[in-house]
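What follows is a set of notes on a single structure, which appears directly below.
The values are calculated or read from the model by the stated rules, or taken from the named source; none is laboratory data. Owing to the predicted nature of the structure, the values given are computational and were not obtained by experimental measurement. Backbone-built Cβ (ideal geometry, glycine too); neighbour counts: all protein chains shown.
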Amino acid sequence: MAEHDLALPEDAYPWIVTWEMAYAYLHQGATLLDARGKTWTPRFSKVQRIQWQWFTANEPSQRGCLLNQDAQLTTLVGRLGITDAPVVVVGDAHHGWGQEGRIVWMLRSLGHPAACWVDGGWAALPSRSLPQSSSPCRPSWSITRIPTWTIDRETLRHLITQPGGDRPWVVLDVRTAAEYQGAILHGECRGGHLPGALHLDVRDCLTPQGYLRSAAEIGDRLAQHRITRQHRIITYCTGGIRSAWMTTVLVQLGYTAQNYAGSMWEWSAGAAQDYPLVCPT
């Protein structure tokens, strides 16, 4: 991703950073989280592992949905040492599912003002020692939910069942083409896509090297579906992981975006007459 694509006002923290920016944050006392979702060999000391599954409901019908209990979430983030300082989340751009984006979307939605993920993932970080924090003691962070980047199943159902016309919103399916066409690959109860949903595979937003494509390239892909910055973009996937990642990208680039966290797991678990799916194959 080009450096100018990250430009934001001085008092705002970007959602996506280069490794140079990540190291600057670490010098300021940032928390570094590894979201790759597998056992890792730490290249740095003081790095915490994090998994999106820790923060989701256990009930089958709620798979992918964020926990409702703030006290439980507070305990979980407290164990990770998260403060009001920036939180730098790193994933695996080549083999991951966008876990780092899911964590950043979650933290921002819980009110953290400075959670970000590293463009290019672990492969982008040079082999050097972790910077020592210049301000190791920071105030604790209190959860305050922000609904801006989230949509729930019933709100989405209400939107897509309304009569047609020029709609100020679009639904974007960010899974693979096979999943969009109806393939059941990850435990969904039913296959297909939401009525009227457009398709853009999240992998199309990455270069072969695992970095984000430029803002212009991603904008062109959206423009092919006649999606503009005037639209409210609602993203979904299987369990809200890839779609959360896509939401962070869209917000970073100036679009209005919301992640449907329950995604196909929750939607397909509902009655077909109430939560319809289109399956062309």
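What to note about this one:
- Residues that are over 30 Å from Cys205 (Cα atoms) and at pLDDT 85 or above within the stretch 110-147 comprise Trp141, Ser142, Ile143, Thr144, listed in sequence order.
- Residue count for the stretch 261-276, restricted to those that are over 24 Å from Met106 (Cα atoms) and among the aromatic types (Phe, Trp, Tyr): 1
- The listed residue being without any contact (Cβ under 8 Å) to a residue 40 or more places away in the chain, closer than 25 Å to Gly91 by Cβ and within 20 Å of the chain's Cα centre (by Cα), out of Tyr180, Tyr211: Tyr180
- Checking each residue in the stretch 43-61 for being in a helix (DSSP H, G or I) and surrounded by fewer than 22 Cβ atoms within 10 Å (Cβ to Cβ) picks out Gln53, Trp54, Phe55, Pro60, Ser61.
- Cross-chain or 6+ apart pairs with Cβ under 8 Å, the stretch 229-243 first and not assigned by TED's automatic domain parsing to the domain that holds Arg157 and surrounded by fewer than 23 Cβ atoms within 10 Å (Cβ to Cβ), then assigned to a strand (DSSP E or B) and of a type outside the set (S, T, N, Q): none
- Looking across the stretch 144-154, just one residue is surrounded by 15 or more Cβ atoms within 10 Å (Cβ to Cβ) and touching a Gly at 6+ places or on another chain (Cβ under 7 Å), and that is Arg153.
- Search result, residues across the stretch 149-176 that are touching a strand residue (DSSP E or B) at 6+ places or on another chain (Cβ under 7 Å) and not hydroxyl-bearing (Ser, Thr, Tyr): Trp149, Ile151, Leu156, Leu159, Ile160, Pro168, Trp169, Val170, Val171, Leu172, Asp173, Val174
- Trp117 within 12 Å of the chain's Cα centre (by Cα), farther than 19 Å from Gly239 by Cα, assigned by TED's automatic domain parsing to the domain that holds Met21 and touching a residue at least 60 places away in the same chain (Cβ under 8 Å): yes
- Filtered residue count, the stretch 49-84, keeping only those that are of a type in the set (A, V, I, L, M), in contact (Cβ under 8 Å) with a residue 60 or more places away in the chain and touching a Ser or Thr at 6+ places or on another chain (Cβ under 9 Å): 1
Conditions (1) part of a helix (DSSP H, G or I); (2) crowded, with 16+ Cβ neighbours inside 10 Å, marked per residue:
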{"position": "Leu156", "(1), (2)": "yes, yes"}
{"position": "Gln162", "(1), (2)": "no, no"}
{"position": "Arg167", "(1), (2)": "no, no"}
{"position": "Leu172", "(1), (2)": "no, yes"}
{"position": "Tyr180", "(1), (2)": "yes, yes"}
{"position": "Gly191", "(1), (2)": "no, yes"}
{"position": "Gly196", "(1), (2)": "no, no"}
{"position": "Gln209", "(1), (2)": "no, no"}
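- Residue satisfying condition, being in a loop (DSSP other than H, G, I, E, B), on the phi > 0 side of the Ramachandran plot and at pLDDT 90 or above, within set Gly64, Gly96, Gly81: Gly64
- Residue list for the stretch 67-78, filter: assigned to a loop (DSSP other than H, G, I, E, B) and over 21 Å from Cys237 (Cα atoms): Gln69
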